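A quick write-up on the structure given underneath.
The values are calculated or read from the model by the stated rules, or taken from the named source; none is laboratory data. All values reported here derive from a predicted model rather than from experimental measurement. Neighbour counts are summed over all protein chains in view; Cβ atoms, including those assigned to glycine, are modelled from backbone coordinates with ideal geometry. When the accessible area is computed, the model is the full protein with side chains, heavy atoms only, and any ligands, DNA or RNA have been set aside. Shrake-Rupley method; radii C 1.70, N 1.55, O 1.52, S 1.80 Å.
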Amino acid sequence: MTGVSLLGVPAVAVTGYMTGYTVLLPAPVTVPPAGHVLSTPWRAVAGATGARVGRALLTLDPVTAGDGRDLGVVAPAKRPTTSITVRPPDPRVPTRALTVPQWVTAPDGETFPWSDDLHVMVRQDGRPVVAAPPLPAVGYVPAQLPGGTVSGSRVTLPDLLGDLTVTVVSGRTLDALTELPFAHGDVRLRAAPMPVGLHVLGPDGDEQLAVAGPVRGRVSHDLAPALARHLAAAVRTEPGGTAPVTVRSDVVGEAHVRLDVQDVVIERALDGRLTVGCDGTATTLPRPGVAPGRAPTRTRADLTVTHHGAALHPASDPVPAVDAGLGGPTVRDEPVTRRVAAATLADARLVRVGVVGWPSAGTDLSLVVLGRTVTATGLVGPVGRSTPQVVWFDLGDAVTVDRPLEVTLRATRGTFAWLAAPEPAVRLAVEAPAAGAHVTVGGLTVTLTGPETHVPGVSLAGTDGWDVTTDQLVTVALSSAVMEFAP
C-alpha cells in the first residue's frame, strides 16, 4: 500500500492550513489494487464535541497518453507462422501496443517494408478491426481500418479490449487481401496506463464511489459528508491522527490525484449560559471545563449584554494588577475617611461606591456616604497578600452629588487593609444610560441599544476565556457557544 501524507512529503502542496488544505500530486501516481492513501491530518482538542467539513473534493485525471505498461510475453516465438494469437493477461485491460521482435518474412527472412500494399492486420472474433498502415483510400472509398501504426517491431493499437489475432497481409482493399507467412520472436504486450475499476474508500473504509471499466476521463467526488462523519466521531475519543482516503483500482493504473479539503472545523460546544459581571474593570468570562490544549480560530455564540444603569466614573482610582507591596491604613472599628472634591463628580448621580484593599477572614464593613449607611458582611480575605479586591457598596437609589464627597469606612468585625495610592482608593459608579455605550467581548466591540442588547451568532477570540473591557456596569452572557478549531 502506498501513502501520501500532508506533512513533509515531496510534491505535495498544502494550502490554507487554518481551515483546510489541498493535496496536489503534480506527477501521476500509481493506483494499485492495494490502494493509494491520501492522509487528511487533524489534531486533538480536549472536550471536542464534533466536527464540520465544508468541502472535500477528490479529483482524479487518469493518465491516457504514453506507451503504457509492459505486461510481459503474451505469445511465444514462431518460425514460420501466418498469425499471432494474443490473449492479454487481464481481459479488462486495453492493449496499447505489441512488440514483435525479429519480425521477418518467411522463408527468406527479410524485414517487412510496411506500405499501402503491405499491412499488419488485427482481427477480433475473426473481424478485421485495425490495419497498420490503414488500407489506403481508393476512389470514393476512404482509408479503411485506421487507428493503428507500425514502426519496426512496434504495433500501436487504439486500446483494444480482448483477444487479438495478428497477421501480415498484402493488398489495398478488404476483398483483395492475401495473408503472408512470417517469423517472429516472443511477443510482448503493453497495456494502456489508465486505472481499471476505480474505487474510492472513505476514512471509515466504506466505499464512496465505484467506476467500472477503464477510466478514460476525469472523475470527481465530494467526500465532505464521509469526512465529516468520521471526524465527528474521532475527535471525541482519539488523540489526533489522520482521516485516510483510499483510492484503489481493480487493475493497476496511473492518475493525477487532487484532494481539496476546505472549511474543516473541530467543534467544542459549551453547555449552558456563561456569565460574568463587569464593574467597569477589565475582566474575563471564564471558559468552563478542561483546557482544550490549543487555541481556537474563533468562538461562535449568541451574546447578551445586560446594562445595570451605571458606569464607572473617570475619577475612580485604578486597581493594581499585582500587589507590588502597596500599603495604606488598616481599618478597624475607628473610621477612616476618603474625601473627594465636589467638582470632581459635578452633579453626577452616585449609585455604588467601591473600596480597594484586602479584608481579613470574616470581615464586616460599614460605609457612610452622602448620608447613606451601607454594609458588606462576611468578606473572605486572601491567603497571604494578593491582588487587591474591590468591595462594592450599593446605595440603592441614586444620590446626586451636590457637595464634597466623604467616604467613611470602618470594620465592625475583622480588619480591612485599605489600599492608598496615595489616598485610600475608591471606585465610583454613577448613573449612566445604556444606549450608545460600548462593551468589548473577546475582541468584538458591541454598541449597546438599551438595558439588554442581544447579538446572535457573533465571532469571538479567546482560548481559556473571553476578555471583557468596558467602563460600564454590565453582565455579559454567552449562550449556544461553540469553540472552533483548525484541523
- Item | Distance in nm between pseudo-label sites at Arg332 and Thr475 (7 Å out along the Cβ direction from Cα) | 4.0
- A student applying the Cα gyration tensor rule (rounded when a/c is under 1.5; otherwise prolate if a/b is larger than b/c, oblate if not) would label the stretch 377-463 oblate
- Message: Looking at the chain, I'd like the Rg to Rh ratio, where Rg is from alpha-carbon atoms and Rh is Kirkwood's inverse mean 1/r.
- Response: 1.39
- Query: What shape does the stretch 295-357 take by its C-alpha gyration tensor, where a ≥ b ≥ c are the square roots of the eigenvalues and a/c under 1.5 counts as rounded, a/b above b/c as prolate, and the rest as oblate?
  - Reply: oblate
- Task: Mind ranking Arg69, Arg218 by accessible surface for me, highest first, 1.4 Å probe?
- Result: Arg218, Arg69
- Message: What does the extension gain come out to for Thr281 and Arg79, with contour length at 0.36 nm per residue minus their alpha carbon separation?
- Response: 62.6 nm
- Item | Cβ-based net charge around Arg332, under 11 Å, with every Lys or Arg adding one and every Asp or Glu removing one | 0
- Computed FRET value (nearest 0.05) for Val322 with Asp90, which takes r as the C-beta separation and R₀ as 60 Å: 0.20
- Message: Multiplying the sequence separation of Ser220 and Ala435 by 0.36 nm and subtracting their Cα-Cα distance, what value in nm do you get?
- Response: 72.0 nm
- Given a Förster radius of 35 Å and the C-beta distance between Thr463 and Ser386 as r, what FRET efficiency does 1/(1 + (r/R0)^6) yield to the nearest 0.05? 0.90
- Rounded FRET efficiency, nearest 0.05, which uses the C-beta distance separating Arg294 from Thr412 and R0 of 41 Å: 0.25
- Note on the structure: Once Ala346 and Asp364 are pulled to full extension, the length gained, defined as 0.36 nm per residue separation minus their Cα-Cα distance, is 3.4 nm
- Message: Let's test this: bin the Cα-Cα distances of the stretch 321-427 at 5 Å from zero up to the farthest pair and state each bin's percent.
- Response: 3, 12, 24, 25, 18, 11, 6, 1, 0
- Note on the structure: In nm, the gap between the two label points placed 7 Å beyond Cα toward Cβ at Glu207 and Thr375 is 8.1
